[in-house]
Amino acid sequence: MERAQEDRADRLARRWEAAREELAACIARAVPQDGRVEQMAGLVFGRASAPQGPVHAVARPCLCVIAQGGKVVQLGERRYPYDPGHYLLITTPLPLLGYVRQASRERPYLSLRLDLDPSVVSAVMVEAGYTVPRPGADVRALDVHPLGMDLLEAVLRLARLVERPDEQSVLAPLITREIVYRLLRGDQGARLAHLAVLGGQEHRIARAVRRIQEAFDQPIPVARLARYVGMSVSGFHHHFKAVTGLTPLQFQKQLQLQEARRLLLAEGLDATTAGFRVGYRDASHFTREYRRFFGRPPMQDVKRLRAEGEPGGASPEPEAHRE
């Protein structure tokens with residue numbers, strides 16, 4: 001019996017490794033040079049031939065899988081390392097810091113990001129009869145989890161469609177739904193349900209996040225946000241940080257600074273004007289906070305990014321500067 005179990009485990013390990021290698025080959029063929037390319041709507045492949053980061057970005061709800069290499073994502077003070085044996089799930093837009101930590105020319109970092117549509121998640125939940133569990137202590141909208149065989153094979157089938165454009169319109173939605181189903185059936189199901197919950201604190205925090213994104217350049221008192229989502233100030237502050245890893249003020253500040261960086265690079269604004277556009281009325285205050293967040297004063301940071309060919313803080317995958 002023990003020998004039979006070992007044989008099954010060995011066969012499963014070989015099958016898993018073969019699927020990972022095929023996924024890496026699919027990504028490498030599709031993205032022969034470093035960068036990220038959207039292969040189909042909501043499906044992005046990425047490649048890096050050397051370690052990268054830190055890169056700041058606002059991540060959209062998505063599933064991220066690494067076929068080769070390794071990465072660390074940081075939310076607030078908490079770090080989430082992951083690799084081909086683990087996937088990253090993000091269920092609410094979040095300001096993140098990302099590092100590609102394992103990559104070389106011989107073995108480049110190869111990744112896949114699949115954006116998650118709340119309407120698709122909701123539909124799969126209904127069809128599968130999925131019951132949203134009671135909220136637990138860990139409601140944070142980001143986590144890393146082991147990548148199982150069923151989910152890996154579904155992701156691989158989706159990746160194969162990049163080379164079969166005539167099949168994409170029919171099969172891509174079906175495989176995407178299977179991926180959502182596999183996520184719901186796994187240990188991350190409750191976290192994924194954040195995208196589709198119609199009530200409860202997580203849904204209220206998602207509304208607050210959208211509100212901050214819509215008016216990030218305006219003062220938004222926490223008390224006003226709490227009233228907007230129908231919560232007490234203390235309860236709102238606690239649940240917001242539990243889900244996003246940041247206070248509402250920290251969340252807004254990171255959105256402001258990332259937009260300012262984009263304006264400096266994409267529109268060639270000076271630091272004072274960029275700071276004013278994102279809501280800062282004191283230029284020295286903006287410069288101090290920018291330096292604290294990005295590590296350099298605004299114009300030095302822009303000069304470095306342009307010299308290194310980094311377009312506006314474009315990030316590794318879990319990114320989402322309105323891509």
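Being out of contact with any Pro (no Cβ under 8 Å at 6 or more places or on another chain) and of a type in the set (Ser, Thr, Tyr) is true for just one of 49, 104. Which residue is that?
104
One line per residue, one yes/no per condition, for (1) assigned by TED's automatic domain parsing to the domain that holds residue 94; (2) of a type in the set (Lys, Arg); (3) closer than 20 Å to residue 91 by Cβ:
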position: 213; (1), (2), (3): no, no, yes
position: 219; (1), (2), (3): no, no, no
position: 230; (1), (2), (3): no, no, no
position: 241; (1), (2), (3): no, yes, yes
position: 256; (1), (2), (3): no, no, no
position: 259; (1), (2), (3): no, no, no
position: 267; (1), (2), (3): no, no, no
position: 277; (1), (2), (3): no, yes, no
position: 283; (1), (2), (3): no, no, no
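So residue 266 clears everything in (1) surrounded by 15 or more Cβ atoms within 10 Å (Cβ to Cβ); (2) more than 20 Å from the chain's Cα centre (by Cα); (3) in contact (Cβ under 8 Å) with a residue 40 or more places away in the chain except one condition, right? Which one?
(1)
Of all residues in region 25-48, count the ones that are among the hydrophobic types (A, V, I, L, M, F, W, C), part of a loop (DSSP other than H, G, I, E, B) and either surrounded by 20 or more Cβ atoms within 10 Å (Cβ to Cβ) or touching a strand residue (DSSP E or B) at 6+ places or on another chain (Cβ under 8 Å) (or both).
1
For residues in region 88-134 being among the hydroxyl-bearing types (Ser, Thr, Tyr), buried (at least 16 other Cβ atoms within 10 Å of the Cβ) and farther than 27 Å from residue 207 by Cβ, which is farthest from the chain's Cα centre (by Cα)?
Residue satisfying both the conditions and the ranking: 109.
Mind checking which residues of region 141-152 are closer than 21 Å to residue 172 by Cβ and surrounded by 17 or more Cβ atoms within 10 Å (Cβ to Cβ)?
147, 151, 152
Which of the residues belonging to region 97-112 are of a type in the set (Lys, Arg), more than 23 Å from residue 160 (Cα to Cα) and part of a loop (DSSP other than H, G, I, E, B)?
The answer is 105, and nothing else.
Being modelled with pLDDT of 95 or more, closer than 20 Å to residue 39 by Cβ, in contact with a helix residue (DSSP H, G or I) (Cβ under 7 Å, 6 or more places away or on another chain) and in a helix (DSSP H, G or I): is that true of residue 156 here?
yes
Kindly evaluate residue 162 against the criterion of being in a helix (DSSP H, G or I), more than 21 Å from the chain's Cα centre (by Cα) and crowded, with 16+ Cβ neighbours inside 10 Å.
So residue 162 fits the description; yes.
Determine the pairs where a residue that is within 23 Å of residue 74 (Cα to Cα) and of a type outside the set (Val, Ile, Thr), located within region 135-159, has a partner that is part of a loop (DSSP other than H, G, I, E, B) and at pLDDT 95 or above with Cβ atoms under 8 Å apart, the partner being 6 or more residues away or on another chain.
Hits for this filter: 146/85; 147/84; 147/85.
Do you know which residues across region 53-87 are surrounded by 23 or more Cβ atoms within 10 Å (Cβ to Cβ), more than 17 Å from residue 104 (Cβ to Cβ), modelled with pLDDT of 95 or more and not hydroxyl-bearing (Ser, Thr, Tyr)?
Matches in region 53-87: 63, 64, 65.
Across region 269-285, what is the number of residues that are within 23 Å of residue 306 (Cβ to Cβ) and surrounded by 19 or more Cβ atoms within 10 Å (Cβ to Cβ)?
If we filter region 269-285 for residues that are within 23 Å of residue 306 (Cβ to Cβ), which is where we start, we get 269-278, 280, 283.
Next, from what is left, pick out any that are surrounded by 19 or more Cβ atoms within 10 Å (Cβ to Cβ): 271, 274-275, 278, 280.
So the count comes out to 5.
The values are calculated or read from the model by the stated rules, or taken from the named source; none is laboratory data. In this text the structure is predicted, and so the values were computed from the model without any measurement. Backbone-built Cβ (ideal geometry, glycine too); neighbour counts: all protein chains shown.
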